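**Q** Take a look at this one; I'll ask things after.
The values are calculated or read from the model by the stated rules, or taken from the named source; none is laboratory data. Only a predicted model underlies this, so the values are computations on that prediction, with no experimental measurement involved. Cβ: placed from backbone, ideal geometry, glycine included. Neighbour counts: every protein chain shown. Only protein heavy atoms, including side chains, enter the accessible area calculation; ligands, DNA and RNA are left aside. Shrake-Rupley method; radii C 1.70, N 1.55, O 1.52, S 1.80 Å.
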Amino acid sequence: MSVRLSFDVYSCVRVYYRYADCKKCVEVCPVENTIILENDRIKVNYESCINCGACVGNCPTESFKIQGFDLVEFYTKFIEEDGNLISCKLNVPCLSALDESYLSAMCIEKQNDLVLDIKHCYNCSIGKQLDLIKANAEKANYILQSAGVDYRVELEEIGYEKEEKQENKRRAFLKMFVKQTASLAFWAVAEKLPIDEKEVGDKEFKNIVSEKVYPTKREILINALSKTNYEDKYFLVDKIDFSSDKWIDNYKCTNCSVCYNVCPTGALTPSDSKLKVLFSPSLCIKCRICHDVCPEKCIHLEEKLYISDFVSKKYKVLAEHVMIPCSECLVPFSYKGDTTVCPRCRQLEDELRDLLKIGD
């Protein structure tokens, strides 16, 4: 059996931090026990996968791909052609494959409302995805509204059908992909077979410090928003899932480097001198890993993300440090102006005092 869905585990945010909160692929999959979280890792049961594409479009780091349906190719073709209708009977395997980034970008590029044909969703044989489709449309409309764009993503019960008679109505579109790939030699398909769990343990893992992920849909959204009149406009950070803006409590920050080393996309990065922590909302996917791993819990979300900061692709300084050698151990630490003893030595002194009190 050929496998049409592939999962690049080395692009998943859990490679960077195994306890990450992200499990969007699990949540959007319509077939129970097909994509699961096991031992803090994503596992895929390829045999039960129905290739709807929901995981492909909704994964923040685009770790999933499906043979026969390339989202970027679909997007490019759609904005070049006439028409604004998207239907599972016309041009996508399932409407759930399009998240807010693609939906809002298509509205902006087409300069028109986008119509999602949801009539087939009510009797869909592959799974109930209507709630996800509605949620993605609402998120896209919030992006459009915040950017001052008049176009919207509309949900309509059109019930589009092709003129020719279709066998097995819902799955006809997916069968087309099988025909397109049927002539491939087995070796061409074999590369996309599921990875054996034993082999995963032996494979060299991604260098999380230097190798970062840059999702294509981020570039698509930025290019679209850059064509709008976005000056002085912003997103409320608690209303968006695709990015954020942050601030760091500079007094608490120790310049430990953990946050930017595990950031999946490089949204957090050090300056050349290693004395500054820099941040770019253009790269942030709001995975919150940096918040989770920060030892001092000094990273916080801003209330607003200005669209100009999002589309600029520029870094801003979140924290800046002056490093001096500790007067006790001589190890450099971030000087805050109050003591020349590093936090580690101060902690050791406190522990010694506690031990001395025990003997009193």
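**Q** Of everything in the range 157-169 that's open to solvent by less than 80 Å² (accessible area, probe 1.4 Å) and within 18 Å of Asn91 (Cβ to Cβ), which residue is modelled with the lowest pLDDT?
**A** Looking at residues that are open to solvent by less than 80 Å² (accessible area, probe 1.4 Å) and within 18 Å of Asn91 (Cβ to Cβ), I get Gln166.
**Q** Now a separate question. Would you pick out the residues in the range 275-293 that are within 20 Å of the chain's Cα centre (by Cα) and under 21 Å from His321 (Cα atoms)?
**A** Leu278, Phe279, Ser280, Cys290, His291, Val293 - these are the residues of the range 275-293 that are within 20 Å of the chain's Cα centre (by Cα) and under 21 Å from His321 (Cα atoms).
**Q** If you don't mind, there's one more thing I want to ask. Are there any pairs with C-beta distances below 6 angstrom linking a residue in the range 40-53 that is more than 19 Å from Asp70 (Cβ to Cβ) to a residue that is of a type in the set (Lys, Arg) and open to solvent by 40 Å² or more (accessible area, probe 1.4 Å), with the two at least 6 apart or on different chains, and if so which?
**A** Every condition considered, the pairs that remain are Asp40/Arg18.
**Q** Out of the residues in the range 80-133 meeting the condition of being assigned to a loop (DSSP other than H, G, I, E, B) and of a type in the set (Ser, Thr, Tyr), tell me which one is modelled with the highest pLDDT.
**A** Filtering first and then ranking leaves Ser87.
**Q** With Asn223, Asn136 as the choices, which residue is at pLDDT 90 or above, in contact with a helix residue (DSSP H, G or I) (Cβ under 6 Å, 6 or more places away or on another chain) and not hydroxyl-bearing (Ser, Thr, Tyr)?
**A** Going through Asn223, Asn136 in turn, the sole match is Asn136.
**Q** Right, something else. For the range 290-318, name all the residues that are acidic (Asp, Glu), out of contact with any helix residue (DSSP H, G or I) (no Cβ under 7 Å at 6 or more places or on another chain) and surrounded by fewer than 19 Cβ atoms within 10 Å (Cβ to Cβ).
**A** Asp292, Glu296 - these are the residues of the range 290-318 that are acidic (Asp, Glu), out of contact with any helix residue (DSSP H, G or I) (no Cβ under 7 Å at 6 or more places or on another chain) and surrounded by fewer than 19 Cβ atoms within 10 Å (Cβ to Cβ).
**Q** Could you grab me the full set of residues in the range 252-265 that are under 13 Å from His300 (Cβ atoms) and part of a loop (DSSP other than H, G, I, E, B)?
**A** Correct list: Lys252, Cys253.
**Q** Just for the range 131-154: of the residues that are open to solvent by 60 Å² or more (accessible area, probe 1.4 Å) and of a type outside the set (Lys, Arg), which one is nearest to Val28 (Cα to Cα)?
**A** The extreme case among them is Asp131.
**Q** Would you be able to say whether some residue in the range 45-56 is open to solvent by 10 Å² or more (accessible area, probe 1.4 Å), of a type in the set (Val, Ile, Thr) and either over 21 Å from Glu138 (Cα atoms) or in contact with a Leu (Cβ under 7 Å, 6 or more places away or on another chain) (or both)?
**A** yes
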